[in-house]
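K.L.:
If you scroll down you'll find the structure; I have some questions about it.
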Amino acid sequence: MSKVVYLNGSFVDYAEAVVPVEDRGFVFADGVYEVIRFYGGKPFAAEEHLARLRRSAEAIKLDGLPSTQELMEAALETVDRNGCVNATLYLQVTRGPAPRKHEFPASEVPVTVFMIAREVPRPDAERVNRGVACITVPDIRWHRCDIKSIALLPNVLAKQQAAEAGAAEAIFVRDGIVTEGGSSNFFMVRGECLFTHPADEHILAGITRDYVLSLARKLQIEVREETFGMSEVENADEVFITSTGIEVLPVTTIDGKPVGNGVPGPVTKRLWQAFDDSISKL
Ligand SMILES: Cc1ncc(COP(=O)(O)O)c(C=O)c1O
């Protein structure tokens, strides 16, 4: 249980933190968010996450975001006050409380800024070594998946469907194109080459995705940010997914069919190892 949360400039006991019932986050899902990972008490790629938060806020015309420095200080303090070591920091900003009306409220309505830290262990090594199962689902989301919006109903439904099927993740397929996971980015390895969907409006440009692509380039693995369909994935040698929480996670079956020879492959392992090395150097 998180002891203290950050709410609009103050640190408040979890049980006492209150948001007005007509907050636009609650009524319209009118807000944006980030999840920042902490390892050994140190943030990982926090500047990149805060820059993406600002891009998401600008994309939905949400004004009044606190400065990046204020957000960074509040994030560090939230983690610190909760005594977290390996943790995730959830940060949400909404367009604030106002009588329900779709159009934006007057500019004097302040945004609601909320942060909560939770101790979360590194991914289970046995699970990483074994790999996970995924299912595919139609991508019924809107055409601005590049915005990290708190409106996540299609993702919620997809991930629930995966959980009910005993799978770790749901992979979205839009018009025959594999886009990304319900809360992760999707990669496949064919031959010597690493493929992932381009960072356009049909995926969230994951911070882990970017990091893994830069590791791949350093390891001289050829990278292609191109679209591909399930028929290509069916002939892939390796598949993995990435996110702030799962890091680099091998996928060994999709819709019940084995990926490659059904075990985590060498390219995935090299990238996982390189990712793990960079964390230990934090
Ligand atoms: C839809 C979606 N794609 C990709 C990601 C991965 O992004 P990141 O690596 O920044 O955590 C997430 C993370 O939650 C997500 O929700």
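The values are calculated or read from the model by the stated rules, or taken from the named source; none is laboratory data. Everything numeric in this text was worked out from a predicted model, so none of it was measured. Cβ sites come from the backbone with ideal geometry, for glycine too, and all protein chains shown count toward neighbours.
K.L.:
Of everything in the range 145-160 that's assigned to a helix (DSSP H, G or I) and more than 10 Å from the ligand (Cβ to nearest atom), which residue is nearest to the chain's Cα centre (by Cα)?
P.N.:
V156
K.L.:
Next question. Quick one: is F195 free of Cβ contacts under 8 Å to residues at least 60 places away in the same chain and within 23 Å of P154 (Cα to Cα)?
P.N.:
Here the answer is no, as F195 does not meet what is asked.
K.L.:
Further, regarding this structure: Would you pick out the residues in the range 69-105 that are hydrophobic (A, V, I, L, M, F, W, C), part of a loop (DSSP other than H, G, I, E, B) and touching a helix residue (DSSP H, G or I) at 6+ places or on another chain (Cβ under 7 Å)?
P.N.:
Answer for the range 69-105, where residues must be hydrophobic (A, V, I, L, M, F, W, C), part of a loop (DSSP other than H, G, I, E, B) and touching a helix residue (DSSP H, G or I) at 6+ places or on another chain (Cβ under 7 Å): just A98.
K.L.:
Name the single residue, out of those in the range 57-70 being aliphatic (A, V, I, L, M) and in contact with a strand residue (DSSP E or B) (Cβ under 7 Å, 6 or more places away or on another chain), that is surrounded by the fewest Cβ atoms within 10 Å (Cβ to Cβ).
P.N.:
Here the answer is I60.
K.L.:
Moving on to the next point. Within the set of pairs 6 or more residues apart or between chains, which connect a residue that is closer than 12 Å to P99 by Cα inside the range 7-28 to a residue that is among the polar types (S, T, N, Q) with Cβ atoms less than 6 Å apart?
P.N.:
Qualifying pairs under 6 Å: D23/T94; D23/T112; R24/T94.
K.L.:
For the range 115-131, enumerate the residues that are part of a strand (DSSP E or B) and buried (at least 21 other Cβ atoms within 10 Å of the Cβ).
P.N.:
Answer for the range 115-131, where residues must be part of a strand (DSSP E or B) and buried (at least 21 other Cβ atoms within 10 Å of the Cβ): M115, A117.
K.L.:
If you go through the range 163-194, how many residues are within 13 Å of the ligand (Cβ to nearest atom) and out of contact with any Pro (no Cβ under 9 Å at 6 or more places or on another chain)?
P.N.:
Summing the residues that are within 13 Å of the ligand (Cβ to nearest atom) and out of contact with any Pro (no Cβ under 9 Å at 6 or more places or on another chain) in the range 163-194 gives 12.
K.L.:
Free of Cβ contacts under 8 Å to residues at least 60 places away in the same chain, within 16 Å of the ligand (Cβ to nearest atom) and in the same structural domain as K101 (by TED's automatic domain parsing): does that describe E70?
P.N.:
no
K.L.:
Can D200 be described as of a type in the set (D, E), closer than 25 Å to A133 by Cβ and either surrounded by 15 or more Cβ atoms within 10 Å (Cβ to Cβ) or within 16 Å of the ligand (Cβ to nearest atom) (or both)?
P.N.:
Answer is no for this residue.
K.L.:
Kindly establish whether V35 is in contact with a Phe, Trp or Tyr (Cβ under 7 Å, 6 or more places away or on another chain), assigned to a strand (DSSP E or B) and β-branched (V, I, T).
P.N.:
It is true that V35 is in contact with a Phe, Trp or Tyr (Cβ under 7 Å, 6 or more places away or on another chain), assigned to a strand (DSSP E or B) and β-branched (V, I, T).
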